[in-house]
Amino acid sequence: MGERIEFSRPDGKTTPGYYAAPTIDDAPGIVLIEEWWGVTPDMMAIADRYAELGYRVLLPDLFRGRTAAAGDEANHLMQGLDFMDAAMQDVGGAIAHLKKADPKVGVTGYCMGGALALLAAMHAGEADAAVIFYGFPPPEAGDPATIQIPIQCHFAKHDDFFTPAGVEKLEERLKEGKVPYELFWYDAKHAFANPNPPGSAGLGHYDAAAAHLSWERAVRFWKNTLK
């Protein structure tokens, strides 16, 4: 459904990405940020699903064509990523690219992408709303209390990567800053929306009920904030 494109970053460089869109040109946009596996078929499928719902979706290829199947490969790719550059330049450029056609643009991401979506909400300045799936940046990356757009968060109660204790600290800052937010907990493990088994760009933690409910909540949120 989608196509590979290149778009400009604020610094003048370009970023490759996967773009999926409905037939109308002036639909609101969503920047979708990959998990640490890279731009996988699953991520492109999510972009296509949003396009079918009437959104223009841009999935920046942060790893520039590289993907991982196993956790150690993915960790290696993620450790080589400049998170602030990715948030400000790749994601910031994607937001600006989508805003050329429609003023309303949201940003969302899973795992590593969730952390980057929060960074973009804190620092990129152009997004109108954000949906975070089981990821957040370290405290030194910025203060969530400074976020000025509505956000929705989805976290797992049994997450060993982004722990409930870390989520609770995040929520404290959101409350302190009076950020308009929703935060939902799921009785599941990290990456509960990823259907893939270990060794195939997944952890084997898929929870169909949690995946479905979080998707429905995100779709409702986008309708309320972007449309």
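Things to note:
- About its Cα centre, the dipole of segment 99-227 is roughly 460 debye, where the only charges are +1 on Lys and Arg Cβ and -1 on Asp and Glu Cβ.
- Here segment 1-158 carries DSSP beta bridges of which approximately 40% are antiparallel, counting only pairs with both residues inside.
- In segment 131-206, Cα pairs under 8 Å separated by at least six residues give a relative contact order of 31 percent.
- Estimated distance in nm for a label pair at HIS158 and ALA145, the labels positioned 7 Å out from Cα along Cα-to-Cβ: 3.5
- Among PHE184, ILE147, PRO22 the positive-end extreme of the charge dipole of segment 3-226 (Cβ point charges): PRO22
- Distance from the alpha carbon centroid of segment 191-212 to that of segment 56-113 works out to 20 angstrom.
- Evaluated at q = 0.09, 0.11, 0.12, 0.13 Å⁻¹, a Debye calculation over the C-alpha positions of the chain (equal weights, vacuum) places log10 I(q)/I(0) at -0.31, -0.47, -0.57, -0.68.
- In this simple spin-label model, placing a label point 7 Å from the Cα along the Cα-to-Cβ direction at both ARG220 and GLU168 gives a separation of 2.7 nm.
- If only the Cβ of Lys and Arg carry +1 and only the Cβ of Asp and Glu carry -1, the dipole of the chain around its Cα centre is close to 480 debye.
- The value of relative contact order for segment 171-211, using C-alpha pairs under 8 Å at least six residues apart, is 31 percent.
- In this label model, ALA70 and ASP102 are separated by 4.2 nm, measuring between points 7 Å along each Cα→Cβ vector.
- The peptide list 110-120, 159-169, put in order of mean Cβ contacts within 10 Å with the highest first, becomes 110-120, 159-169.
- Stretching ILE24 away from ASP48 to a fully extended chain increases their span by 7.2 nm, per 0.36 nm per residue minus the current alpha-carbon distance.
Each reported figure results from applying straightforward, stated rules to the coordinates on display, with no laboratory input. Not measured: the values here are computed from a predicted model. Neighbour counts are summed over all protein chains in view; Cβ atoms, including those assigned to glycine, are modelled from backbone coordinates with ideal geometry.
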